[in-house]
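Chemist: Have a look at the structure that comes next, please.
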Protein chains: 2
Amino acid sequence: MDKTDKKPPSQRKAQADASPAPARAKLEHVARLAKVSLATASRAINQPEIVRPEIRERVLHAVEMLDYTPDRMAKALSSGRTHTVGAVVPTLGNAIFADGVEALEARLGARGYTLILSHSQYDPAREFRQIRGMLEYGVDGLVLVGDTFAPDSLPLIRHHRTPLVTTYVCASRQGIPAIGIDNRQATHRMARYLLELGHREFAVIANTGLPNDRSQARLDGLLDAIAEEGIRLPPDRIFEAPLPSIAAGREAFRRLRAAHPGVTAFLCTTDAMAVGAVAEARREGIRVPEDVSITGFDDVEIAAETDPPLTTVKVPAAEIGAIAADRLIGIIEGGPAATIAPIAPLEAALVVRGSTGPVAGPVARKRRTRAAAA
Amino acid sequence: MDKTDKKPPSQRKAQADASPAPARAKLEHVARLAKVSLATASRAINQPEIVRPEIRERVLHAVEMLDYTPDRMAKALSSGRTHTVGAVVPTLGNAIFADGVEALEARLGARGYTLILSHSQYDPAREFRQIRGMLEYGVDGLVLVGDTFAPDSLPLIRHHRTPLVTTYVCASRQGIPAIGIDNRQATHRMARYLLELGHREFAVIANTGLPNDRSQARLDGLLDAIAEEGIRLPPDRIFEAPLPSIAAGREAFRRLRAAHPGVTAFLCTTDAMAVGAVAEARREGIRVPEDVSITGFDDVEIAAETDPPLTTVKVPAAEIGAIAADRLIGIIEGGPAATIAPIAPLEAALVVRGSTGPVAGPVARKRRTRAAAA
DNA sequence: CTGAAAGCGCTTACAG
DNA sequence: CTGAAAGCGCTTACAG
């Protein structure tokens, strides 16, 4: 049984010879047809400029004739480079990562690299295992998300000397080149916008249930901004969802609203949760934005399609993916110098749509009056 | 410059030796430490049962000591197997594929295979290029979507003798093992359900703008079912969207509704388009399901969150991904026999929610009366 | 059950 | 600019 299943090279070759389909051409065949050495054939293909034009033509012609494509494994083994890049994202279920991965793959492919993909479900231990697997695989570089990892992950990557970039954040305390937006500043601006609309009573729906530095930064941005106005956010006004799902947003809104009916602005750290919050508000007969304002983050497709459409922050996922690819390849091919070149944070535009509005007039007035009377 | 960038093996090794981090252990080191030959060390690791227990222990201990992990490229080159599987999906932007890919990757990883991922944006030519790249890469197997490919794709795969499965369909005219649902039957059932609610005036929002056999099968299922009741669907009642986006669903609904105000049932071939249709209906003040019924397909997360939530068909994406992995590995490791074993279509449950209802009483009565009078 | 040796298909210093 | 040869790190028939 075993012997039938596992075909040793010789058997495989014999079988191929016996069958009608021609065996795959090797560099050796190209060299022979072009009447040059293996070395020259290799050079004509990989560094054409250092080969005499006439000979180069002969080799390239032979390549055509034989429909030759190099064996990537052999190439990898002898060159020490796999032309492979690994990426570990929390999940593909969030469009923000799906879009980023698409762009990453597209750019990587265009530049001759293959993407190895994995997802951690926001679990650092799982992420560590994925990273280790990719390192064993021999990836030339690694793309991660955020700036929080299992304790062993970074030392392992450094031990392998594997180039690394991280994404969706614009800075790393660990010195990793980071391609993304300034999450904190983005919600700071969002909060300022809400403050200008007259909001003073806030609540946050955050997916900080699992370690998530992006969500934490977004929360901090809000906290900063309102603190500047002397407003504090009691801990019970923050709902920590484990996953950024629509259902979690629904539940969060229901609970926060029940506990704090006076809140006028609900800031969500992802669009998915904001979609749930808007849906739940509607179900409860609460008008958006007349009664409460709700904001999202990400600007995924559905954000523009809820009723009312979401005010949110645009995360340029495709741009992040493409730039991460370019940057990583720069480090892989250019050496460590490329690692330290600074990267500007990407723009995270505030997208104002219908889910936010000024605090309802009468209420606001009433409150001010009361405050004055006190 | 060139010489500084590209580190030849010797240089690389010298550098590693000079630096504090120990060079990565090779099988040779393991063998030496265990005082056995390379061959025995290899066997103790890969086929432990054929090695004497005492020696096996020695080797395994050495592996621990040296923290040895095999070089996958070397292993691939000498064994002819990469333990790598390639998948090409239309897009990751649709949750149905994102979820399937997640499950595929998880199962593949659990069984020792690495996923190479690519996306075609529904473009057969692009898909062909991705396939070719993966084949050159040496993938042990391939996972595709649907049953419609560029003319050269299948011959190329067969020439490489690379195991292949396809997904999201339950049968292939090309003899490819298929893991998925019966799309045609699913909409047939959906149509029967709508017929029972009294609907006679249908329109379809399909993403058949680009070649998409799943969408076509879904359309055909409806056509079959209503034909059985003697109802025909004029071509102008079918909107062919190029991409299954929410925006496309919106536009499709607007146009179809304007051109055919008498239509009571809008069947969409994906949830995303149905979400758009529901949103547009609401915007126009058309009540769902009182005035029109709208159905989706896929049962992605948002399907349950629209207002009203969508009646749709559940596509078990995670199951498809996991089964595809198992099946493909079965073919890879078990040989061609595994290719022809039949696969039952997966269950595609009809999920009835709030976006569908009986045809409005008065209208239905009026119509029947009129018909009787005629 | 174990070992010596060939081989997987390339790349690349090294010497011309 | 070109060629002969060693080497990348494994696996596996082959012979004991």
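The values are calculated or read from the model by the stated rules, or taken from the named source; none is laboratory data. In this text, all values refer to a predicted model and were calculated from it rather than measured experimentally. Quick reminder, even Gly has a Cβ in these numbers, built from the backbone with ideal geometry, and neighbours come from all protein chains shown. Calculation scope for accessible area: heavy atoms of the full protein, side chains included, ligands and nucleic acids excluded. Shrake-Rupley method; radii C 1.70, N 1.55, O 1.52, S 1.80 Å.
Chemist: Identify the trypsin sites (Lys or Arg not before Pro) of the stretch A:162-193 meeting these criteria: DSSP loop state and at most 10 other C-beta atoms within 10 Å of the C-beta.
Modeler: Those satisfying the criteria are A:R173.
Chemist: With θ set to phi - 60° and the Karplus curve 6.51 cos²θ - 1.76 cosθ + 1.60, what are the ³J(HN,Hα) couplings of the stretch A:295-303 in order, to the nearest whole Hz, using x for Gly and Pro?
Modeler: For the stretch A:295-303, the Karplus curve yields 10, x, 7, 2, 6, 7, 3, 5, 4 Hz.
Chemist: With the crude spin-label approximation of a point 7 Å out along Cα→Cβ, what separation in nm comes out for A:E228 versus B:E229?
Modeler: Modelled inter-label distance: 6.1 nm.
Chemist: Now a separate question. Over all directions, how big on average is the projection of the convex hull of the alpha-carbon atoms in the stretch B:21-130, in square nanometres?
Modeler: Result: a mean projected hull area of 9.6 nm².
Chemist: Explain nothing, just the number: dipole magnitude of the stretch B:114-251 about its Cα centre with +1 on each Lys and Arg Cβ and -1 on each Asp and Glu Cβ, in debye rounded to the nearest 20.
Modeler: About 180 debye.
Chemist: Return the loop-located GluC sites (Glu not before Pro) in the stretch B:242-348 (DSSP other than H, G, I, E, B) with at most 14 other Cβ atoms within 10 Å of their own Cβ; answer none if there are none.
Modeler: Loop-located and lightly packed - B:E284, B:E290, B:E347.
Chemist: With a 10 Å radius around each residue's Cβ, average the other Cβ atoms per peptide and rank A:265-272, B:93-100, highest first.
Modeler: Packing proxy ranking, top to bottom: A:265-272, B:93-100.
Chemist: OK, next. If all Cα-Cα distances of the protein assembly as shown are sorted into 10 Å bins from 0 onward, what percent lands in each bin, rounded to whole numbers?
Modeler: Bin by bin from 0 Å, the calculated values are 3, 12, 20, 22, 19, 13, 7, 3, 1, 0.
Chemist: Around B:E49, what is the net charge, scoring Lys/Arg as +1 and Asp/Glu as -1 over all other residues with Cβ under 10 Å from its Cβ? Let's see the in-between values first.
Modeler: Values: positive: B:R43, B:R56; negative: none.
With Lys, Arg at +1 and Asp, Glu at -1, the neighbours total +2.
Chemist: Work out the FRET efficiency for A:M65 and B:A125 from their Cβ-Cβ distance, taking R0 = 22 Å, and round it to the nearest 0.05.
Modeler: Once rounded, the FRET efficiency stands at 0.35.
Chemist: When each copy gets a label point 7 Å from Cα toward the beta-carbon at A:I55, what are the spacings between them in nm, shortest first?
Modeler: 4.7
Chemist: How far is A:R283 from itself in the other copies, in nm, if each label sits 7 Å out from Cα along the Cα-Cβ line, shortest first?
Modeler: 2.5
Chemist: Using the 7 Å Cα-to-Cβ label point, sort the distances from B:R132 to its equivalents in the other copies shortest first and give them in nm to one decimal.
Modeler: For B:R132, the other copies' label points sit at 4.0 nm, shortest first.
Chemist: With each label point set 7 Å from Cα along the Cα-Cβ vector, what nm distance links B:I50 and A:E290?
Modeler: According to this spin-label approximation, the distance is 7.9 nm.
Chemist: Moving to a separate point now. What is the average number of partner chain Cβ atoms found within 10 Å of a Cβ in B:92-99? List each step's numbers first, then the result.
Modeler: Details: counts 10, 6, 2, 5, 0, 2, 10, 3.
Counting Cβ atoms of other protein chains within 10 Å of each residue's Cβ and averaging gives 5.
Chemist: Using a 1.4 Å probe and counting only protein heavy atoms, how much accessible surface gets buried when B and A come together, both sides summed, in Å² to the nearest 100?
Modeler: 4500 Å²
Chemist: What is the log10 of I(q)/I(0) for chain B, computed with the Debye formula using one identical point scatterer on each Cα and no solvent, at q = 0.08, 0.12, 0.13 Å⁻¹?
Modeler: Each listed q maps to, in turn, -0.55, -0.92, -1.01.
Chemist: Sticking with this one: Under a Cβ-Cβ cut-off of 10 Å, what is the net charge of the residues other than B:T306 that fall near it, where Lys and Arg count +1 and Asp and Glu count -1? Please list the in-between numbers first.
Modeler: Details: positive: B:R282, B:R353; negative: A:E305, A:D307, B:D271, B:E305, B:D307.
Net charge around B:T306: -3.
Chemist: Please give the contour-minus-distance gain from A:R282 to A:A23: 0.36 nm per residue of separation, less the Cα-Cα distance, rounded to one decimal in nm.
Modeler: Working: separation 259, 0.36 × 259 = 93.24 nm, distance 6.51 nm.
Taking 0.36 nm per residue and subtracting the Cα distance, the gain is 86.7 nm.
Chemist: Given a Förster distance of 45 angstrom, what is the FRET efficiency for B:S37 paired with A:Q174, based on the Cβ-Cβ distance and rounded to 0.05? Write out the running numbers ahead of the final one.
Modeler: Details: r = 43 Å, r/R0 = 0.96.
Computed FRET efficiency for B:S37 and A:Q174: 0.55.
Chemist: Could I ask something else about it? Obtain the nm distance between the two label points defined at A:E333 and B:V352 by a simple spin-label model: each point lies 7 Å from its Cα along the Cα-to-C-beta direction.
Modeler: In this crude spin-label approximation the distance works out to 6.0 nm.
Chemist: Just tell me how shielded B:113-119 is by partners: mean number of partner chain Cβ atoms within 10 Å of each residue's Cβ, no decimals.
Modeler: 6
Chemist: Quick one: pull the percent of accessible area on the protein assembly as shown belonging to carbon and sulfur, 1.4 Å probe, ligands and nucleic acids left out.
Modeler: 55 percent
Chemist: Applying 1/(1 + (r/R0)^6) with R0 = 35 Å to the Cβ-Cβ distance of B:D152 and B:S79, what FRET efficiency is obtained, to the nearest 0.05?
Modeler: On the way: r = 29 Å, r/R0 = 0.82.
Working from the Cβ atoms, E equals 0.75.
Chemist: Whole number in Å², please: accessible area per residue of chain B, 1.4 Å probe, ligands, DNA and RNA not counted. Don't skip to the answer; put the middle values down first.
Modeler: On the way: 16930 Å² over 374 residues.
Computed with neighbouring chains in place, this is 45 Å² per residue.
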